[in-house]
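Reading through the structure tokens given below for one structure.
The values are calculated or read from the model by the stated rules, or taken from the named source; none is laboratory data. Computed from a predicted model, the values in this text were never measured in an experiment. Using ideal geometry, Cβ is built from the backbone for each residue, glycine included, and neighbour counts are taken over all protein chains shown. Quick note on the areas: whole protein, heavy atoms, side chains included, nothing else; ligands and nucleic acids left out. Shrake-Rupley method; radii C 1.70, N 1.55, O 1.52, S 1.80 Å.
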Amino acid sequence: MIKVILEDPHSEIPANEDETSWLASLTEFGRTFGPLFSLVLLDILGRKILLQFSSLIFFVIWLAILFTRSITILCVTFFVFGLGIGICNATSAVYIGENCSPTLRGIFCSISTTGFYLGVLVQFIIAGLLSYHALAVVNLIMAFACLVSSLLCVESAQFLMLKGRFQKAEKNMMWLKGTDNKDDIISEFEIIKANIASEKLKKTSYRELFTSRANYKSLIIVLILNMGHASTGNAALFTYISILFPANEFFTSYQVTVYFGISQMAFCFVSSLIIEKFSRRTLTLFSFAMFLLCHSSAAYFLYDSAKNVSSASYGVWMIFISVCTFSGVSAVLDSVVHMLRGELFPQSIKPIGSGLSISAHSFMEFLTLKIFLVIKSHYGTYANFLGYAMISLALFWFSYFYLPETRGKTLIEIQKSLEKPKKGSIRNYSEEEDKFIKQQRDVL
């Protein structure tokens with residue numbers, strides 16, 4: 001749609017380049033503030049209600065888009081749309097982290113991300129085939145289906161225990177485990193209950209993020225990974241793919257957009273099959289190494305095609321391969337980053353930590369989207385990719401030295417590993433703590 005807005009003089013939404021950059025980026029700006037609502041409401045209203053509320057926002061927004069062609073109204077609409085996405089992201093990270101066992105958490109996060117990219121592929125296809133009005137109608141119907149499906153959510157046992165509703169929590173946990181026998185869940189239920197009781201003694205506050213060694217490390221790691229991942233350009237390519245490629249005889253902008261969407265979904269689907277076979281660290285390091293390779297290649301060939309017309313035919317295929325490979329690997333990393341939000345924070349600060357990380361991620365994507373066209377106009381598209389390559393290199397270095405492994409560990413074990421002192425210092429765990437960890441291993 002951006003290509004139509006920028007290049008078609010008969011577009012239903014006439015806008016210049018600056019207005020288009022705002023249209024493209026305001027969803028991410030709204031997404032920055034969505035998690036802040038979750039911080040306040042996640043432990044008050046619960047995960048289920050917030051997921052339903054975000055679905056309601058999507059439905060109302062598409063209804064508004066159907067009846068407007070005003071740039072100003074669309075900007076406000078996209079901002080609110082991003083608000084809903086931010087609420088949904090912050091809530092779903094907590095929801096999946098709480099409801100899935102350590103051995104399945106990665107698979108479910110990856111399935112969730114695959115579903116997202118399947119939706120993106122559908123959007124890429126229909127946006128090139130339908131008019132503005134028809135596109136809004138189709139999305140309104142899908143948003144209604146999303147709203148109806150959200151009514152089927154089951155509240156997490158952790159939240160119900162937090163509110164003292166132990167009987168309901170037990171019932172929900174049995175349903176999620178697919179059993180009618182209380183004995184099948186009693187051990188895990190008691191462990192979670194004890195952990196909730198322990199966490200409730202801690203006052204949830206922003207100060208707690210910095211006074212606890214484990215919390216502080218979690219916050220720094222998750223923030224850097226989220227902000228760094230957002231700065232590697234996936235959102236920009238996601239949005240501007242239709243105007244990225246130089247004119248060529250091999251494929252149209254519409255074909256590129258669809259192929260781009262297929263590569264994202266395909267990689268993400270494959271990741272759902274293998275994500276629990278590799279460590280989180282390995283997948284993260286592999287992803288950033290591939291980012292560096294893909295962005296460096298794209299930067300070189302974009303520069304070459306801009307300066308040397310004779311090599312443009314060959315270069316456009318290399319750009320295409322680099323961009324599609326990057327987008328696919330980025331979809332895999334999305335699943336890993338999504339999991340880490342739910343795994344690295346303890347229950348007492350999970351809403352705060354998850355909310356802040358998503359806000360930071362969204363704000364960086366907003367900046368990336370806003371400056372993409374500016375850099376493209378002043379220095380050339382290749383300059384964007386050169387910057388993404390440098391950021392990818394820095395993130396590889398950070399992940400190698402500071403990212404802990406979380407695969408196959410319970411949320412409590414992960415916290416214990418983060419609390420470990422530096423080399424040379426001694427930290428003796430109490431008998432109760434050792435017994436608690438052993439108990440969870442037995443349950444697994």
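For the stretch 386-398, backbone phi angles converted through the Karplus equation (6.51, -1.76, 1.60; θ = phi - 60°) give residue-by-residue couplings of 5, x, 4, 5, 5, 5, 4, 4, 5, 6, 4, 4, 4 Hz, Gly and Pro being listed as x. Residue-wise HN-Hα couplings along the stretch 365-380, as the Karplus relation 6.51 cos²θ - 1.76 cosθ + 1.60 with θ = phi - 60° gives them from phi, are 5, 4, 5, 4, 5, 5, 8, 4, 5, 5, 5, 4, 6, 8, 10, x Hz; Gly and Pro carry x. Peptides 135-145, 87-97, ordered by how many other C-beta atoms sit within 10 Å of their residues on average, highest first, read 87-97, 135-145. In terms of its C-alpha gyration tensor, the stretch 97-166 comes out oblate, because a/c is 1.5 or above while a/b does not outweigh b/c.
Here is the list for the stretch 216-294: chymotrypsin sites (Phe, Trp or Tyr not before Pro) lying in DSSP coil, each with at most 16 other C-beta atoms within 10 angstrom of its C-beta, are F250, F251, F278. Pairs with C-alpha atoms separated by more than 30 Å, drawn from the list K307/K370; K168/K217; K48/K193; K177/K217; K277/K370; K171/K277, are K168/K217; K177/K217; K277/K370; K171/K277.
In this label model, W317 and A134 are separated by 3.4 nm, measuring between points 7 Å along each Cα→Cβ vector. Taking all protein chains as they are arranged and a probe of 1.4 Å, the heavy atoms of R69 leave approximately 80 Å² accessible to solvent.
Dividing the alpha-carbon radius of gyration of the stretch 254-386 by the rule-of-thumb value 2.2 N^0.38 Å gives 1.23. Once backbone amide H atoms are built at 1.01 Å from N, T406 has R280, R281 as its partners under 5 Å, excluding neighbours fewer than 5 places away on the same chain. Peptides 298-305, 12-19, 76-83, ordered by how many other C-beta atoms sit within 10 Å of their residues on average, highest first, read 298-305, 76-83, 12-19.
Here the 3J(HN,Hα) profile of the stretch 315-326, calculated from phi with Karplus coefficients 6.51, -1.76 and 1.60 at θ = phi - 60°, is x, 5, 5, 5, 5, 4, 5, 5, 5, 5, 5, 4 Hz, Gly and Pro shown as x. Taking the Cβ of V80 as the center, what net charge do the other residues with Cβ under 15 Å away carry, scoring Lys and Arg +1 and Asp and Glu -1? Spelling it out: positives minus negatives among the neighbours equals 0.
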